[in-house]
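What follows draws every value from the coordinates through simple rules; no lab data is involved. Computed from a predicted structure; not experimentally measured. For neighbour counting, all protein chains shown are included, and Cβ atoms are generated from backbone atoms with ideal geometry for every residue, glycine included.
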Amino acid sequence: MTTYSFDRPEHVTADFVGVPGSRTFLVQVEDDEQRLAVVLEKQQVAAIAEAVTEMLDRLDLVPAIHWDEASMKLREPLEERFRAGGLSIGLDAEARTMALTFEEILADDEDGAPDELVITIDAEQARRLAAHAAEIIGKGLPKVDPSTNGHGPAVR
């Protein structure tokens, strides 16, 4: 088992590569020594947005309303270490930090303990991450005309 730890990294984001219907979601983190990414399911990114937002509420904060979306893009090269299965998020209200822990999914035939990634972020990083994660989840969804309820052209 390898634990990758990042304490208040210079870059942390959730984003995707690919096109709607064939997207790969990732969390990427970088400090002055290393950059790595873990593959997530879309639902895990949605869970990050929701859980971080709930924890921000405990700090009397909300997700960012305006943030530099370009700075939240994935950086090349993408160095995927593993696919995440387990995800947990903890709050240290006194330090105003959150710890996001991603645990590797192991195949049935693999031996040993799973790798994990632990990212500790401050409140401002959390505000941007929550907002950006929520934003990317909505990208790629078809626009539905409310008058048709998504079922073809409206009849008038």
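At 222 nm, what value in deg cm²/dmol follows for the chain if DSSP H runs of at least 4 each add -39500 (n - 2.57) and the sum is divided by all its residues, to the nearest 500? Estimated from H runs of four or more residues: -7000 deg cm²/dmol. Residues His132, His66, His11, ranked from the fewest to the most other C-beta atoms within 10 Å, line up as His66, His11, His132. Here the residues Met98, Met1, ranked from fewest to most Cβ neighbours within 10 Å of their Cβ, fall in the order Met1, Met98.
The dipole here belongs to segment 24-109: it is taken about the Cα centre, uses +1 on the Cβ of Lys and Arg and -1 on the Cβ of Asp and Glu, and is about 220 debye. Only Lys, Arg, Asp and Glu carry charge here, each on its Cβ (+1 for the first two, -1 for the last two); on that basis the chain has a dipole of about 1060 debye about its Cα centre. Relative to the longest principal axis of the Cα atoms of the chain, helix 42-58 runs at roughly 80 degrees. Per-residue Cβ neighbour counts within 10 Å put Glu10, Glu69 in the sequence Glu10, Glu69, beginning with the fewest.
Highest GNM mean-square fluctuation among Ala99, Ala131, Ala113, for the chain modelled with Cα contacts below 10 Å: Ala113. Of all DSSP bridge pairs formed entirely within the chain, close to 80 percent run antiparallel.
Translational diffusion coefficient of segment 3-138 (Stokes-Einstein, Kirkwood radius from Cα pairs, 10 °C, 1.306 mPa s): 106 µm²/s. Pairing the Cα long axis of helix 123-138 with the longest principal axis of the chain, what angle in degrees results, from 0 to 90 and rounded to the nearest 10? The angle comes out at about 40 degrees. Would you work out which of Ile121, Thr24, Thr97 lies farthest towards the positive end of the dipole of the chain, given +1 charges on the beta-carbon of Lys and Arg and -1 on that of Asp and Glu, about the Cα centre? Result: Thr24, furthest along the dipole toward the positive end.
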